[in-house]
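Below is one structure; the comments refer to it alone.
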Amino acid sequence: MKLISFNPFRTIGIPGITYIKPENLFKEIEIVKEADYILFPEYWQVNLLVYGLGKKIFPNISTFHLGHNKIEMTRGLWATFPENVPYTKIMGRNDSAVAATIDVVEDELGYPCVAKEIKNSMGQGVFLVNNKQELKEYINRNETLYIQEKLPIDRDLRVVYVGNQVIAAYWRIAQEGSFHNNVAKGGSYSFENIPIAAVDLVDRIAKELGINHAGFDVVEVGDKYYILEFNVLFGNEGLKSLGVSVEDKIYEYILSDLGPHKPITPPMGKKRIS
């Protein structure tokens, strides 16, 4: 079994890996063509690897496409699990109609609401908007507007899905008085009282959308669960606390996907060719 990784930090511990710098893809194209699996390509490489070379990639192409930004993932969820998406407005910025845009947000969402940059993670680019001036500042900074209702929460549930199964779930709890639950923003972990219904929801969503590597952010409001977003390249700090190895789960999935006809490469250490 020949494995290539374009991201060594996310494949540490997987045996028999050959590392290639993303910018050297075409220089090493013959080696890439011989690979059984390509792990963690950059987004610009995905289409040419799958459609041009017919390669298997991990994460798979639907994970990359739907996880590319918040708009793609939200539209995918609207089409499949609309009842599990917070009320969300997606609009293009119209510099000649800012007042009209503000009116729409105020009428449909009110204050406070949550405004997000469409390509960010770890709590970056997520803003609590309390008034018209803050909304106007957000609009002026972003070409595409992504604004959600503010839900009454002080935590969210990170559910990690790898391969074809949920491998871990834990609460991320905001500091008192903080808007963000992310640990990168000062939040804390809790591994107690994990709702099985939320885990089952993520399992169903991932299977329906064909996602095989993502950290889902789920919130509980009353008796309902909402998906805030999912991150293809998620942090591993909470998983380390649980003793869960993402790399082991990835390797198990790849072996299963390729089937028994592929010989298992014994641990040989890591190789880097460029």
Residue satisfying all of: in segment 155-175; at pLDDT below 95 and not in a strand (DSSP E or B); nearest to residue 255 (Cα to Cα) among these = 174
Which members of segment 217-233 meet the condition of being out of contact with any Ser or Thr (no Cβ under 8 Å at 6 or more places or on another chain), more than 14 Å from residue 76 (Cα to Cα) and of a type in the set (A, V, I, L, M, F, W, C)?
-> 218, 219, 221
Note on residue 78: of the conditions (1) without any contact (Cβ under 8 Å) to a residue 24 or more places away in the chain; (2) under 21 Å from residue 150 (Cβ atoms); (3) buried (at least 20 other Cβ atoms within 10 Å of the Cβ), unmet is (3)
Can you pull out the residues in segment 191-245 that are under 20 Å from the mean Cα position of the chain (by Cα) and basic (Lys, Arg)?
-> 204, 207, 240
Does any residue in segment 12-26 that is crowded, with 16+ Cβ neighbours inside 10 Å come within less than 6 Å, Cβ to Cβ, of a residue that is of a type in the set (D, E, K, R) six or more places away or on a different chain, and which pairs are these?
-> 14/247; 17/270; 18/271; 19/272; 20/28
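I want to confirm something. Restricting to segment 221-246 and keeping residues that are assigned to a strand (DSSP E or B) and among the β-branched types (Val, Ile, Thr), which single residue is nearest to residue 152 (Cα to Cα)? Outline the logic, then answer.
Let us first name the residues in segment 221-246 that are assigned to a strand (DSSP E or B), namely 221, 224-231.
Those left that are additionally among the β-branched types (Val, Ile, Thr): 221, 227.
Values: 221: 7, 227: 14 Å.
Filtering segment 221-246 for residues that are assigned to a strand (DSSP E or B) and among the β-branched types (Val, Ile, Thr), the one nearest to residue 152 (Cα to Cα) comes out as 221.
Quick one: which helices (runs of 4 or more DSSP H) sit completely within segment 1-91 and have at least 3 residues that are modelled with pLDDT of 95 or more and touching a helix residue (DSSP H, G or I) at 6+ places or on another chain (Cβ under 6 Å)?
Working: elements: 29-34, 43-47, 61-66, 70-80.
So the answer is 61-66, 70-80.
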Considering residues that are touching a His at 6+ places or on another chain (Cβ under 7 Å) and either touching a residue at least 60 places away in the same chain (Cβ under 8 Å) or among the small types (Gly, Ala, Ser) (or both), the number found within segment 59-72 is 2
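The values are calculated or read from the model by the stated rules, or taken from the named source; none is laboratory data. Being a predicted model, the structure only gives us computed values, none of them experimental. As a convention, Cβ positions derive from the backbone with ideal geometry for all residues, glycine included, and neighbour counts pool all protein chains shown.
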